[in-house]
Amino acid sequence: MKEFAYVRARSVEEATSAYAAHAGARYLGGGTNLVDLMKLGVETPTALVDVTRLPLDTVEELPDGGLRIGATVRNSDLAAHPLVRDRYPALSQAVLAGASGQLRNAATTGGNL
Ligand SMILES: Cc1cc2nc3c(=O)[nH]c(=O)nc-3n(C[C@H](O)[C@H](O)[C@H](O)COP(=O)(O)OP(=O)(O)OC[C@H]3O[C@@H](n4cnc5c(N)ncnc54)[C@H](O)[C@@H]3O)c2cc1C
């Protein structure tokens, strides 16, 4: 077991400061990818900066007709969002084709990039 610090960020500024303060830090979304890599020893972060409580969990319509998808929007919520289903059905279908329901409920858009 490798020790690591854990920081639950309450603002974007706190998240970026905590990340900068720890060389080898990683942001933590749903952890569906990162935690697996840690278990295998592929990722050995010195600190996890949990970004899941940040206010980045909305899908917003933009004036030019596009969408802004927050980094902490869960995959399930993205696939089910009315604007995504209506205007970007291929995106909704692609997200639903990935992983399992349990994973999609935890996984975030930021973590998927
Ligand atoms: C069984 C299984 C099946 C899977 N199937 C698929 C699939 O079909 N398609 C697919 O695309 N993926 C799949 N995945 C991979 C993974 O679940 C997804 O990529 C998921 O969206 C990752 O999101 P997360 O929030 O859990 O990321 P995490 O595991 O928390 O993080 C992943 C990476 O992104 C970084 N990160 C997280 N949030 C942010 C942020 N806000 N800003 C910057 N960096 C960030 C982390 O530091 C880490 O490096 C699967 C995983 C498993 C275990």
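The values are calculated or read from the model by the stated rules, or taken from the named source; none is laboratory data. As the structure is a computational prediction, the values presented were derived from the model and not from experiment. Counting neighbours? That spans all protein chains shown, and the Cβs are built from the backbone with ideal geometry, glycine included.
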Point to revise | Subset of the stretch 33-83 (residues that are near the ligand (Cβ under 8 Å from one of its atoms), of a type in the set (Asp, Glu) and within 20 Å of GLN102 (Cβ to Cβ)) | key: ASP36
Exercise for review: Could you please find all residues in the stretch 100-113 being at pLDDT below 95 and near the ligand (Cβ under 6 Å from one of its atoms)?
Suggested key: ASN112
**Study point:** Selection count where residues are within 12 Å of the ligand (Cβ to nearest atom) and assigned to a loop (DSSP other than H, G, I, E, B), scope the stretch 1-32
**Key:** 6
Practice item. For the stretch 26-79, enumerate the residues that are of a type in the set (Ser, Thr, Tyr) and either under 18 Å from VAL12 (Cα atoms) or modelled with pLDDT under 95 (or both). Key: TYR27, THR52, THR58, THR72
